[in-house]
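Undergrad: Could you have a look at this structure, given as structure tokens, before my questions?
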Amino acid sequence: MKTAIVHDWIVDIGGAENCLKEIYSLYPMSDVYTLLSKKESVSRLSIPLEKVTESFIKNLPKAETKYRNYLMFFPLAIEQFDLSEYDVIISSSHAVAKGVLTNANQLHICYCYTPIRYAWDLYHQYLKEANLIYGIKGKIAKTILHYIRIWDLSTVNRVDHFIAISNYISRRIKKVYGRESTVIYPPVEVDKFELYTKKEDFYLTASRMVPYKKVDLIVEAFSKIPDKKLVVIGDGPDFEKIKKKAGKNVELLGYQPFEVLKDYMQRAKAFIFAAEEDFGIIPVEAQACGTPVIAFGKGGATETVIDGETGIFFKEQSVESLIEAVKTFEEVEDKFDFQKIRKNAERFSKERFKKEIKEFIDKKIEEFF
């Protein structure tokens, strides 16, 4: 079987790129196709540079940093890849990778992180945050995203089998694409986080500071309970705005290297997570340290945190709801079993991901050919 792997873009290394790395490690003879890439990022994924083919997007002005500005060209770019020589195509897609052109003799399996967020369920939020509701720029943005939605739906039947990263995303795939999917959770490197049972009297949150992560909500909540200490790790566009909301009990450390993050994660009495994520890797990493998670009870966190056993859920993305959850947590915190919390995190290991992905793909290859 000759195999091609298609990934949206390889620029920054995040959860999707770590999935790509593991999929490539299972099929190392594959060729990789992507809209554009950074050499250092490709190397970090242990993919030989000569195996990677990029689209014309890479040649556009300032593409390496401003590639999202060329969204309207992404569908055209992804369809220019000639994959006719391959038997199996594996797309790793959160945007347009699943839209590659295939024929009836090819098996196309899509590992789907989400249908394009900014074109579907985050459409109105995206326009609001980007200040694109009104004016000429707003009309242009809306027109482009309307076109992206139409194109995205037109590509659905190019995929033979969808794999979703969570039940939450599986429901979204069903809603948007009308297709069933199999859930295989992404890999979390739980072995990099050791169990630590000597918890200290502070709470932790860590995130890139962008609106949907709701770090501002967490900081605002803890500023209203000044007897509780909160440590915040991370940087991003909203850092200064969040800093202004911080009380004396809130310590903002900005970006920190991995070892510092892990140290705080191990010692924290609980990790706070307020985003509605598709999966959410960092709550799993916290649990790998034996640290309970206080999380917003929607999205992927409901599949990785066990309410009352490995953490506590709060029902609304509001200051009041989070404060109430912290109070509830402190009433029962002595009942949490750190070993059990760690064991829950181990369900999402890298080894488990590779085993499940390989079994699924190999089975579909056997059935197809």
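The values are calculated or read from the model by the stated rules, or taken from the named source; none is laboratory data. Given the structure is predicted, the values throughout are model-derived calculations rather than measurements. Cβ placement follows ideal geometry from the backbone for every residue including glycine, while neighbour counts extend to all protein chains displayed.
Undergrad: Which members of region 42-51 meet the condition of being within 23 Å of the chain's Cα centre (by Cα) and within 21 Å of residue 81 (Cα to Cα)?
TA: The answer is 42, 47.
Undergrad: Sticking with this one: Only one of 79, 54, 64 is touching a Gly at 6+ places or on another chain (Cβ under 7 Å), over 30 Å from residue 359 (Cβ atoms) and assigned by TED's automatic domain parsing to the domain that holds residue 94. Can you tell me which?
TA: On the way: 54 fails: touching a Gly at 6+ places or on another chain (Cβ under 7 Å); 64 fails: touching a Gly at 6+ places or on another chain (Cβ under 7 Å).
Unique residue meeting the criteria: 79.
Undergrad: Assess whether residue 242 counts as being assigned to a helix (DSSP H, G or I), farther than 19 Å from residue 283 by Cα and touching a helix residue (DSSP H, G or I) at 6+ places or on another chain (Cβ under 7 Å).
TA: Numbers: assigned to a helix (DSSP H, G or I): yes; farther than 19 Å from residue 283 by Cα: yes; touching a helix residue (DSSP H, G or I) at 6+ places or on another chain (Cβ under 7 Å): yes.
So residue 242 fits the description; yes.
Undergrad: Of the residues 282, 242, only one is closer than 26 Å to residue 113 by Cα and of a type in the set (Val, Ile, Thr); which?
TA: Working: 242 fails: closer than 26 Å to residue 113 by Cα.
Every option except 282 fails the conditions.
Undergrad: Being among the polar types (S, T, N, Q) and in a loop (DSSP other than H, G, I, E, B) is the filter; apply it to region 140-196 and report the residue that is surrounded by the fewest Cβ atoms within 10 Å (Cβ to Cβ).
TA: 155
Undergrad: Then there is this: Quick check on region 352-369: of everything there that is acidic (Asp, Glu) and free of Cβ contacts under 8 Å to residues at least 40 places away in the same chain, which residue is nearest to residue 184 (Cα to Cα)?
TA: Looking only at region 352-369, we keep the residues that are acidic (Asp, Glu), and these are 356, 359, 362, 366-367.
From what's left, free of Cβ contacts under 8 Å to residues at least 40 places away in the same chain: 359, 362, 366-367.
Values: 359: 11, 362: 14, 366: 19, 367: 19 Å.
It comes out as 359.
Undergrad: What are the residues in region 40-64 that are in contact (Cβ under 8 Å) with a residue 24 or more places away in the chain, assigned to a helix (DSSP H, G or I) and not β-branched (Val, Ile, Thr), if any?
TA: Listed by number, the residues that qualify are 41, 44, 56, 63, 64.
Undergrad: Can you pull out the residues in region 12-25 that are crowded, with 17+ Cβ neighbours inside 10 Å, touching a Lys or Arg at 6+ places or on another chain (Cβ under 9 Å) and of a type in the set (A, V, I, L, M, F, W, C)?
TA: Result: 23, single match.
Undergrad: Additional query: Just one of 67, 33 is part of a strand (DSSP E or B) and either touching a strand residue (DSSP E or B) at 6+ places or on another chain (Cβ under 7 Å) or touching a residue at least 40 places away in the same chain (Cβ under 8 Å) (or both); which is it? Spell out the reasoning first.
TA: Values: 67 fails: part of a strand (DSSP E or B).
After ruling out the rest, the residue left standing is 33.
Undergrad: Looking at residue 131, is it surrounded by fewer than 17 Cβ atoms within 10 Å (Cβ to Cβ) and on the phi < 0 side of the Ramachandran plot? Spell out how you get there, then give the answer.
TA: On the way: surrounded by fewer than 17 Cβ atoms within 10 Å (Cβ to Cβ): yes; on the phi < 0 side of the Ramachandran plot: no.
Taking the combined requirement at face value, the residue does not satisfy it.
Undergrad: Could you pull out every one of the strands (runs of 3 or more DSSP E) wholly within region 250-356 that has 3 or more residues that are surrounded by fewer than 19 Cβ atoms within 10 Å (Cβ to Cβ)? Break it down stepwise before answering.
TA: On the way: elements: 250-254, 270-273, 293-296, 311-314.
Because the criterion is at least 3 residues that are surrounded by fewer than 19 Cβ atoms within 10 Å (Cβ to Cβ), the strands (runs of 3 or more DSSP E) in region 250-356 that meet it are 250-254.
Undergrad: I would also like to ask the following. Can you tell me how many residues within region 197-245 are among the aliphatic types (A, V, I, L, M) and modelled with pLDDT under 95? Walk me through how you get there before you give the answer.
TA: From region 197-245, those among the aliphatic types (A, V, I, L, M) are 204, 206, 209-210, 215, 217-219, 221, 225, 230-233, 242; that's our starting set.
Filter once more, so that each one left must be modelled with pLDDT under 95: 209-210.
Total meeting the criteria: 2.
Undergrad: Show the residue pairs that are 6+ apart or on different chains and have beta-carbon atoms under 6 Å apart, the first residue being within region 111-127 and under 19 Å from residue 210 (Cα atoms), the second being polar (S, T, N, Q).
TA: Within 6 Å, no pair qualifies.
Undergrad: Can you pull out the residues in region 94-120 that are part of a loop (DSSP other than H, G, I, E, B) and in contact with a helix residue (DSSP H, G or I) (Cβ under 7 Å, 6 or more places away or on another chain)?
TA: Residues of region 94-120 part of a loop (DSSP other than H, G, I, E, B): 94-96, 100-106, 113-116, 120.
The answer is 94, 95, 96, 100, 101, 102, 113, 114, 115, 116, 120.
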